[in-house]
């Protein structure tokens, strides 16, 4: 989809701009490619700069409920310093690195309900206007896809996904928000938890997989129940039995969750989870794998770094990623049930039709509510 609009702030008869993204979903940490097409107006103008902003629609949780807004999470200058003649047409190609923590918007072509956009800003003779807009599609890294597929094969169901303003305490998170993917437990884990939240924090070295059982009052807020985290190298995709690995992670999470619930007054543990012993040392990767996954030269624009693991696990050698019906089917079913595709499309249209939404009151309101999550 391409949006074209005249730059109203630059006056009637000013230049117009189209930004066309390369076909296909991008990868976190990989390049975002496309072209900015300019068309001159009724007179020559000096183009000071052409900038791209990456924008996300996020939620901010607080005691009074939730607020939504738009956050600019990256900005690139891709051109400028030239004169655009009257009615002249000029194209400016670009290739910019997406942040490693860029949220995933789709899985196997099925939308997750996450709204991301690319907004083009044109600076002309000291004035600037935020003009052209495009929705941004992002697919998961191989490690992220392997974990999600394993969850689907284990029987977990996709519920919803959103972006939360704030930082995960103790992590190396770089963006001002994080993505939550909510799953309903598989029958084998029935009674152990009502829901499981999953967050990926990617870096050049690998992916930190953060799990939470039965969120209360916000991810990592004072009311959270149980949180586990595991570091996985990008090179582990073909070396791991992901169904066994994810099952071990989930059981460890639920073991911890049952113990925590048993300590709460008048709560007691969750009955029905009758397989203790999973998730003990011996599962997981010893640390991050080799750095440099994806496109060489596209590092983390926010300074890199990765979150520290809370626990250290022994090395586990698996048997590769198994095939078969996975989370893609669950996402398709969830998307059909929740109509997240329609919701996402409406939200993108709403965001792109709002001239001030990207950096105006809504974003500021959300940021005021956000903060470091404990």
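The values are calculated or read from the model by the stated rules, or taken from the named source; none is laboratory data. These numbers come from a predicted model, not from an experiment. Please note: Cβ atoms are built from the backbone with ideal geometry, for glycine as well, and neighbour counts cover all protein chains shown.
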Which one is surrounded by the most Cβ atoms within 10 Å (Cβ to Cβ) among residues in region 174-204 that are part of a loop (DSSP other than H, G, I, E, B) and modelled with pLDDT of 95 or more? 203
Quick one: count up the residues across region 137-171 that are touching a strand residue (DSSP E or B) at 6+ places or on another chain (Cβ under 7 Å) and in a loop (DSSP other than H, G, I, E, B). 8
Determine if region 60-70 includes at least one residue that is assigned to a strand (DSSP E or B) and out of contact with any strand residue (DSSP E or B) (no Cβ under 9 Å at 6 or more places or on another chain). yes
Look through 121, 106, 145 and report the one residue that is closer than 14 Å to residue 201 by Cα and surrounded by fewer than 24 Cβ atoms within 10 Å (Cβ to Cβ). 145
Consider residue 247 against the criteria (1) at pLDDT below 90; (2) closer than 23 Å to residue 153 by Cα: it satisfies all of them except one. Which criterion is unmet? (1)
Those residues that are assigned to a strand (DSSP E or B) and modelled with pLDDT under 60, I need them from region 1-46; list them, please. 4, 5, 6
Scope region 205-214; condition over 14 Å from the mean Cα position of the chain (by Cα) and part of a strand (DSSP E or B); matching residues: 206, 211, 212, 213
Considering region 205-227, residues that are over 23 Å from residue 29 (Cα atoms) and buried (at least 23 other Cβ atoms within 10 Å of the Cβ), and then whichever is modelled with the highest pLDDT, we arrive at 212
If residue 230 satisfies all but one of (1) touching a helix residue (DSSP H, G or I) at 6+ places or on another chain (Cβ under 7 Å); (2) at pLDDT below 90, what's the number of the condition it fails? (2)
Within region 107-136, the count of residues that are in contact with a strand residue (DSSP E or B) (Cβ under 7 Å, 6 or more places away or on another chain) and under 20 Å from residue 70 (Cβ atoms) comes to 20
